[in-house]
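Undergrad: Handing you this structure, nothing more for now.
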Amino acid sequence: KLTWLSTLLPVALCVLTLMPHSLLGKSSKEDNTGSSALLHRIKRGWVWNQFFVLEEYTGLEPLYIGKLHSDMDKGDGSIKYILTGEGAGTTFTIDDSTGDIHAIQRLDREVKAQYVLRAQARNRLTDRPLEPESEFIVKIQDINDNEPRFLDGPYQATVPEMSKIGTSVIQLTATDADDPTYGNSARVVYSILEGQPYFSVDAKTGMVRVSLADMDRETRENYTVVIQAKDMGGQLGGLAGTTTVNITLSDVNDNPPMFDQRLYQMSVPESVPVGSVVGRIWAKDRDTGVNAEMKYSIIDGDGRDTFDISTDPTNLFGIITVKKPLNFENKPSYTLKVEGANTHLDLAFHHRGPFKDVTIVHVSVEDVDEPPVFDLPAYYIELPEDTEIGTVMKTVSARDPDAANHTVRYSIERSSDPEKYFYIEITSGSLMTVRLLDREEVGWHNITVLAMEMNNPTQISSVSVAVKVLDVNDNPPSLTDYLEAYVCDNAKAGQLIQTVTAVDPDEPLGGQHFYYSLAPEAANNPNFTLRDNQDNTAWILTRRGGWSHQGQTVFYLPIIISDSEQPVQTSTSTLTIRLCSCDQGGNVMSCNAEAYSLPTSLSRGALIAILACIFVLLVMILLMLSLRSHHKKPYLCDEEENVHENIVRYDDEGGGEEDTEAFDIAAMWNPREAHPNLGKMRQDMLPEIESLSRYIPQACVMGGGGDGGVHGYVLAKLLEADMDPCAPPYDSLQTYAYEGEGSVAESLSSLQSGTSNTDHEYDYLNEWGPRFKKLAEMYGVLDTNSPPPW
């Protein structure tokens, strides 16, 4: 037989039931009936039950739980016991020889309440199972090792002030991790440790309630309550946990407002604009939030129409503002009776009212030096445009509103009358015109009149004066736009050629009405007549037919236009009428008189072609002339190129014969012989050097020796240039005849003038003739006796 044995707390804590079974064997009944020997029934040798073990074992030795034993165990150690399942090997161990089971770790029911294990007996040598594997349960038995806990603490709660006794505040719940089904370990009882006599707690439910009536928030607002939860039904030895509840009394409207002053004194300058703040008042209320919000009103007093009161954005203060303009001279002080009342009332506390209060506000108006005041806010004047200069059109009036009543002076703001049409008398305020008005130029004048106190120029006020210029018939009518017309050469007598209208810048009240007629000198002309249509228009009609371009082609028709207003204005406009060629439909083809002198067979296209040909021919001629001028170049002989090159490049100022540093003068004393075959003498220019050098002795040019000097050399070169067809037509060497010792001007060199410190006299330039006139002008020595150029 196999049995489970447990020796732990055999009387009260552990129950072990033993159920013996045969491991192997045959039933005697089966033998007697002769059943088949092949049928065998294997019976279990295990007895399964639950083991109960107390938690939180604190002993030093492993905790013995029970014993596993098989009927096949002869005590010789041939059977090995094996334990598997939850906690096997870590929490529970088994002696494989004896089958004793021990707990080697501390057990906690709140962590794990039971363990499921499996046991088996095997042959130690062959490791074959002797019994089938089966399960058993080890249950952990609870002890009171956990105190109650408030999981959501500390707590915040609110209850209205003045609440009645028994008013619920907050529900508290404590939890105990111990087994509620075993003993009183999880039975919790609540109690209050701190917060009496204001609050209490229900021992079973944990509901916190008000225990003191009429608690006033204004006296005390916050309370701290400590609540305890104890298990074991509150008995001695039970475990306990505590929490804190912070309770706040919420406000109710149980206090009426009250002004801190019974009389307020305020002052305000009389010049403040409407809407200005005078001051503020406050009816204090011990309540808070909406229960302290106020509404203010003026219920009485002589200033209820002059001042107004409103509540500021916080709904606590009353703001007194100006409702109407103030005037110290009219009324220097006001009295207001102001009421402040709560806006949110609680009927439960209506007996504590009334929830309003009254105070008196005295407002003093301060005297201020005010600017002058006009008798009208604005002025309107109508004035004919033919009003004479100096006419008084209006008198404005302003006065000093202060008690001193200082003298007022008037002026016109210049920016409002930039053209200075008007003037105002400085003391009387009389407005008058100083320029002629023209409605057609400016129809309205908006001027600003200023009034200033004499004693205080900073006090200035202004008023607008609107001047409407009334129309007067002072402009004559005139034709509009159509000052030119045409008549077709095929027009017949009585044919309409033009409708004329007039315009008048004047605007009479009855509207415009114009009268048309021909001027007396054109009334009997044989060509055109005028018909007045009496609707401000007139027709120009032909008097004849048979128009010809060979005669007069332009006609001037003077038309007289007059209006109907007084005084009547009249003007004369000239209508220019041209004779034009028209088609059968009356459309103008041409009004050019010269075109009709051409042959009738020459069309307009042919005329355009002829003009185009003439234009192309002119362009070609201009192009040829331009190309010819660009290709024309001077021709020089090769053998004289060097000499002419030297002459052309000479650009230094000459110093006379004594200036020998500018170039090699020796080269000029040995001129080369002239070429024997010079050809024909040039006729385009005669040598001018002979007449200019009439004061110099002439030498032989061709055969002279060294006696000729520079003069001979120059004449030789001049003769050579005149006879050479390859040389340019004008020789720059001619300019050398105007200076030097032998010339009229003598030497112009400045080489010897540096030693003189005196001013030069240039009067002699006037005696040198017209060639030195420009030089004389530059040095300012012109003859003063010559007549002026204008």
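The values are calculated or read from the model by the stated rules, or taken from the named source; none is laboratory data. Being a predicted model, the structure only gives us computed values, none of them experimental. We place every Cβ from the backbone using ideal geometry, glycine too, and count neighbours over all the protein chains shown. Accessible surface areas use protein heavy atoms only, side chains included; no ligands, DNA or RNA. Shrake-Rupley method; radii C 1.70, N 1.55, O 1.52, S 1.80 Å.
Undergrad: If the Cβ limit is 6 Å and pairs must be 6+ apart or interchain, which residue in the range 562-574 that is at negative phi pairs with which residue that is in a loop (DSSP other than H, G, I, E, B) and open to solvent by 70 Å² or more (accessible area, probe 1.4 Å)?
TA: These pairs meet every condition: Ser562/Val568.
Undergrad: Note down all Cβ pairs under 7 Å where the first residue falls in the range 163-183 and is under 18 Å from Phe150 (Cβ atoms), the second is open to solvent by 90 Å² or more (accessible area, probe 1.4 Å), and they're at least six residues apart or on different chains.
TA: That search, which allows pairs on different chains as well, returns Ala174/Arg149; Thr175/Arg149; Thr175/Leu151.
Undergrad: Has the range 516-529 got at least one residue that is surrounded by 12 or more Cβ atoms within 10 Å (Cβ to Cβ), within 15 Å of Val487 (Cα to Cα) and free of Cβ contacts under 8 Å to residues at least 24 places away in the same chain?
TA: Scanning the range 516-529 turns up at least one residue that is surrounded by 12 or more Cβ atoms within 10 Å (Cβ to Cβ), within 15 Å of Val487 (Cα to Cα) and free of Cβ contacts under 8 Å to residues at least 24 places away in the same chain.
Undergrad: If you don't mind, there's one more thing I want to ask. Under the condition of being open to solvent by 50 Å² or more (accessible area, probe 1.4 Å) and within 30 Å of Ile309 (Cα to Cα), which residue from the range 372-402 is farthest from the chain's Cα centre (by Cα)?
TA: Looking at the filtered set, the residue picked out is Val373.
Undergrad: Tell me yes or no: at least one residue of the range 498-507 is small (Gly, Ala, Ser) and either part of a loop (DSSP other than H, G, I, E, B) or exposed (fewer than 14 other Cβ atoms within 10 Å of the Cβ) (or both).
TA: Checking the range 498-507: not a single residue is small (Gly, Ala, Ser) and either part of a loop (DSSP other than H, G, I, E, B) or exposed (fewer than 14 other Cβ atoms within 10 Å of the Cβ) (or both).
Undergrad: Checking Lys112 against (1) farther than 30 Å from Val226 by Cβ; (2) not in a loop (DSSP other than H, G, I, E, B), only one condition comes out false. Which one?
TA: The number of the failed condition is (2).
Undergrad: Inspect the range 151-166 for any residue being at pLDDT below 85 and either in the same structural domain as Gln114 (by the TED database) or surrounded by 13 or more Cβ atoms within 10 Å (Cβ to Cβ) (or both) and give the result as yes or no.
TA: yes
Undergrad: I want to confirm something. Restricting to the range 195-217 and keeping residues that are over 22 Å from Thr288 (Cβ atoms), assigned to a strand (DSSP E or B) and aliphatic (A, V, I, L, M), which single residue is least open to solvent (accessible area, probe 1.4 Å)?
TA: So the residue we want is Val208.
Undergrad: Given the criterion of a type outside the set (A, V, I, L, M, F, W, C), assigned to a loop (DSSP other than H, G, I, E, B), more than 44 Å from the chain's Cα centre (by Cα) and within 30 Å of Thr537 (Cα to Cα), identify the matching residue among Asn473, Asn455.
TA: Asn473
Undergrad: Please work out if Thr359 is surrounded by 17 or more Cβ atoms within 10 Å (Cβ to Cβ), closer than 30 Å to Asp251 by Cα and of a type in the set (Ser, Thr, Tyr).
TA: Yes: the conditions hold for Thr359.
Undergrad: Now for a different question. Of all residues in the range 64-105, which are in contact with a Pro (Cβ under 8 Å, 6 or more places away or on another chain) and among the acidic types (Asp, Glu)?
TA: Asp71
Undergrad: Going by the structure shown, is Thr448 assigned by the TED database to the domain that holds Ile389, surrounded by fewer than 21 Cβ atoms within 10 Å (Cβ to Cβ) and either modelled with pLDDT of 95 or more or in a strand (DSSP E or B) (or both)?
TA: Here the answer is yes, as Thr448 does meet what is asked.
Quick grid of which residues meet (1) in a loop (DSSP other than H, G, I, E, B); (2) at pLDDT 85 or above; (3) open to solvent by 30 Å² or more (accessible area, probe 1.4 Å); (4) closer than 30 Å to Thr181 by Cα:
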| residue | (1), (2), (3), (4) |
| --- | --- |
| Tyr81 | no, yes, no, no |
| Thr90 | yes, yes, yes, yes |
| Thr93 | no, yes, yes, yes |
| His102 | no, yes, yes, yes |
| Arg106 | yes, no, yes, yes |
| Val116 | no, yes, yes, yes |
| Ile137 | no, yes, yes, yes |
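Undergrad: Say we look at the range 528-549 and pick out the residues that are in contact with a Ser or Thr (Cβ under 7 Å, 6 or more places away or on another chain) and part of a loop (DSSP other than H, G, I, E, B); which of these is farthest from Ser581 (Cα to Cα)?
TA: Asn536
Undergrad: Further question on the same structure: With respect to Pro313, is the statement that it is assigned by the TED database to the domain that holds Val277, modelled with pLDDT under 95, surrounded by fewer than 14 Cβ atoms within 10 Å (Cβ to Cβ) and within 43 Å of the chain's Cα centre (by Cα) true?
TA: So Pro313 passes the test.
Undergrad: How about the range 139-150: which of its residues are among the aliphatic types (A, V, I, L, M) and buried (at least 19 other Cβ atoms within 10 Å of the Cβ)?
TA: Hit for the range 139-150 is Ile140, nothing else.
Undergrad: In addition: I'm trying to understand the selection: among the residues of the range 255-306, which are of a type in the set (Gly, Ala, Ser), open to solvent by less than 20 Å² (accessible area, probe 1.4 Å) and either modelled with pLDDT under 90 or outside any loop (DSSP other than H, G, I, E, B) (or both)?
TA: Answer for the range 255-306, where residues must be of a type in the set (Gly, Ala, Ser), open to solvent by less than 20 Å² (accessible area, probe 1.4 Å) and either modelled with pLDDT under 90 or outside any loop (DSSP other than H, G, I, E, B) (or both): Gly279, Ala283, Ala292.
Undergrad: Sort out which residues of the range 400-431 are without any contact (Cβ under 8 Å) to a residue 40 or more places away in the chain and among the β-branched types (Val, Ile, Thr), and write them in order of number.
TA: Ile412, Ile424, Ile426, Thr427
Undergrad: Report yes if Asp481 is part of a loop (DSSP other than H, G, I, E, B), at pLDDT 90 or above and open to solvent by 20 Å² or more (accessible area, probe 1.4 Å), otherwise no.
TA: No.
Undergrad: A further question follows. Are any of the residues in the range 143-155 of a type in the set (Gly, Ala, Ser) and without any contact (Cβ under 8 Å) to a residue 40 or more places away in the chain?
TA: Scanning the range 143-155, I find no residue that is of a type in the set (Gly, Ala, Ser) and without any contact (Cβ under 8 Å) to a residue 40 or more places away in the chain, so the answer is no.
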